[in-house]
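Colleague: What follows is a single structure, and I will ask about it in a moment.
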Amino acid sequence: MSAGFQLGVIGSLALSVASSVAIVICNKALISTLGFPFATTLTSWHLMVTFCTLHVAQRLHFFEPKAIDGQTVILFGLLNGTSIGLLNLSLGFNSIGFYQMTKLAIIPFTVLLETIFLKRRFSESIKLSLLVLLLGVGIASVTDLKLNLLGSVLSGLAIATTCVGQILTNTIQKRLKVSSTQLLYQSAPYQAAILFATGPFVDQLLTNRSVFAHKYSAPVLGFIVLSCLIAVSVNFSTFLVIGTTSPVTYQVLGHLKTCLVLSFGYTLLHDPFTLRNILGILIAIFGMALYSYFSVREGKKKSANDALPVSQMPDKEAEPLLATKDSNDTKKANGLSHDC
């Protein structure tokens, strides 16, 4: 693994964390301070602005578009758009604790799907580090676990579509040799279209308010514009991280963002914080450190094995292969930024 590639991965991870935390702050201001709760509709605007920005960048020759099979792009875009809508519905019809459990379940289901369908192998060390991470995030963020049939069905569909969408993001980039920018440019219009068409109905179902009847004051419009601009970076870094690492790594990163948001809420916004929150965040950070350590170690081992002559290659069966994403208002903002 070259030094340039490693720096690129670190840069994409840093961009993803910084932009996601920034959009959580912006969305929290929109939802809790300015009273704009229309998360799904806002996400459709995010994607439309992202597409327009990439179109301008393409016309200015910052990147070259690459043709991708139309059916693949349309299905991929619709799937990702649907997963965002389902996650928002899951947040609306479930308790915060159950919604956090839904987000935690994405990692083991992604590992399961990649193991079954892509024949990827995860070492015991990687599995252990993921278990520690999930335990920490669960302790820090999961409170109540109130169940209901509709909410459970929506959560199951959200998990399935999110896992498949993120695996496809990684698979399409590698198999079709397209960059994260090229794939996002091709698929963003379809993601935006399905959310633009369904967003107002979903939001009215969840809030009993119409996005069309909302009073758009200057501060509300200003924060909407700011949220859309930050979302360009969020969407780009999401595709970049999944393309250069893996869907599992992206989910690990997503839980790091959750811990940062919880810490931010306590430090600057004075959200309620307990010893349990602190303990959970520390355990989660330890799990992330373990995952990073084992990922780097096994990545170097795999690179060394790939560099050996065939006669010196170890028994493949003996080597495991590394498979390469507070308060109620804060959680809603975090749920939106995670998928926008």
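The values are calculated or read from the model by the stated rules, or taken from the named source; none is laboratory data. Remember, predicted model here, so these are calculated numbers, not experimental data. A quick note on method: Cβ atoms are made from the backbone with ideal geometry, for glycine too, and the neighbour counts reach across all protein chains shown. What goes into the accessible areas is simple: the full protein's heavy atoms, side chains included, and nothing from ligands, DNA or RNA. Shrake-Rupley method; radii C 1.70, N 1.55, O 1.52, S 1.80 Å.
Colleague: State which residue is most open to solvent (accessible area, probe 1.4 Å) when the search covers only the stretch 89-126 and only residues that are under 17 Å from residue 149 (Cα atoms) and in contact with a Phe, Trp or Tyr (Cβ under 7 Å, 6 or more places away or on another chain).
Modeller: 91
Colleague: Right, another one. Please state which of the following conditions residue 186 fails to meet, knowing it meets all the rest: (1) farther than 25 Å from residue 92 by Cβ; (2) part of a loop (DSSP other than H, G, I, E, B).
Modeller: (2)
Colleague: Can you name every residue in the stretch 203-237 that is open to solvent by less than 20 Å² (accessible area, probe 1.4 Å) and either in a helix (DSSP H, G or I) or more than 27 Å from residue 161 (Cα to Cα) (or both)?
Modeller: Of all residues in the stretch 203-237, those open to solvent by less than 20 Å² (accessible area, probe 1.4 Å) come to 203, 211, 220, 224, 227-228, 231, 234-235, 237.
Hits for the stretch 203-237 are 203, 220, 224, 227, 228, 231, 234, 235, 237.
Colleague: Quick one: residue 169 ticks every box in (1) under 17 Å from the mean Cα position of the chain (by Cα); (2) open to solvent by 20 Å² or more (accessible area, probe 1.4 Å) bar one, so which box is it?
Modeller: (2)
Colleague: Follow-up. Which one of the conditions (1) surrounded by fewer than 15 Cβ atoms within 10 Å (Cβ to Cβ); (2) at pLDDT below 90; (3) assigned to a helix (DSSP H, G or I) does residue 67 fail to meet, given that it meets all the rest?
Modeller: Only one criterion in (1) surrounded by fewer than 15 Cβ atoms within 10 Å (Cβ to Cβ); (2) at pLDDT below 90; (3) assigned to a helix (DSSP H, G or I) is unmet by residue 67, namely (3).
Colleague: Residue check: is residue 58 over 19 Å from residue 194 (Cβ atoms), in a helix (DSSP H, G or I) and out of contact with any strand residue (DSSP E or B) (no Cβ under 6 Å at 6 or more places or on another chain)?
Modeller: Values: over 19 Å from residue 194 (Cβ atoms): yes; in a helix (DSSP H, G or I): yes; out of contact with any strand residue (DSSP E or B) (no Cβ under 6 Å at 6 or more places or on another chain): yes.
So residue 58 fits the description; yes.
Colleague: Is at least one residue of the stretch 127-147 of a type outside the set (A, V, I, L, M), over 18 Å from the mean Cα position of the chain (by Cα) and open to solvent by less than 20 Å² (accessible area, probe 1.4 Å)?
Modeller: First pass over the stretch 127-147, keeping only residues of a type outside the set (A, V, I, L, M): 127, 129, 136, 138, 141, 143-144, 146.
The next check asks that each one be over 18 Å from the mean Cα position of the chain (by Cα); those that pass are 127, 129, 136, 143-144, 146.
Imposing the further condition that a residue be open to solvent by less than 20 Å² (accessible area, probe 1.4 Å) reduces the set to 129, 136.
Yes, because at least one residue in the stretch 127-147 is of a type outside the set (A, V, I, L, M), over 18 Å from the mean Cα position of the chain (by Cα) and open to solvent by less than 20 Å² (accessible area, probe 1.4 Å).
Colleague: Also, quick follow-up: Just give me the residues in the stretch 135-153 being at pLDDT 85 or above and more than 14 Å from residue 106 (Cβ to Cβ), in sequence order.
Modeller: Listed by number, the residues that qualify are 135, 136, 139, 149, 150, 151, 152, 153.
Colleague: Yes or no: the stretch 80-88 includes at least one residue that is modelled with pLDDT of 90 or more and surrounded by fewer than 21 Cβ atoms within 10 Å (Cβ to Cβ).
Modeller: Within the stretch 80-88, one or more residues are modelled with pLDDT of 90 or more and surrounded by fewer than 21 Cβ atoms within 10 Å (Cβ to Cβ).
Colleague: On to the next question. Kindly list the number of the only condition in (1) farther than 17 Å from residue 169 by Cβ; (2) outside any loop (DSSP other than H, G, I, E, B); (3) open to solvent by less than 40 Å² (accessible area, probe 1.4 Å); (4) not hydroxyl-bearing (Ser, Thr, Tyr) that fails for residue 77.
Modeller: Against the list (1) farther than 17 Å from residue 169 by Cβ; (2) outside any loop (DSSP other than H, G, I, E, B); (3) open to solvent by less than 40 Å² (accessible area, probe 1.4 Å); (4) not hydroxyl-bearing (Ser, Thr, Tyr), residue 77 comes up short only on (1).
Colleague: May I ask you to verify whether residue 198 is of a type in the set (S, T, N, Q) and buried (at least 20 other Cβ atoms within 10 Å of the Cβ)?
Modeller: Details: of a type in the set (S, T, N, Q): yes; buried (at least 20 other Cβ atoms within 10 Å of the Cβ): no.
Considered against the rule, which asks whether it is of a type in the set (S, T, N, Q) and buried (at least 20 other Cβ atoms within 10 Å of the Cβ), residue 198 comes out as no.
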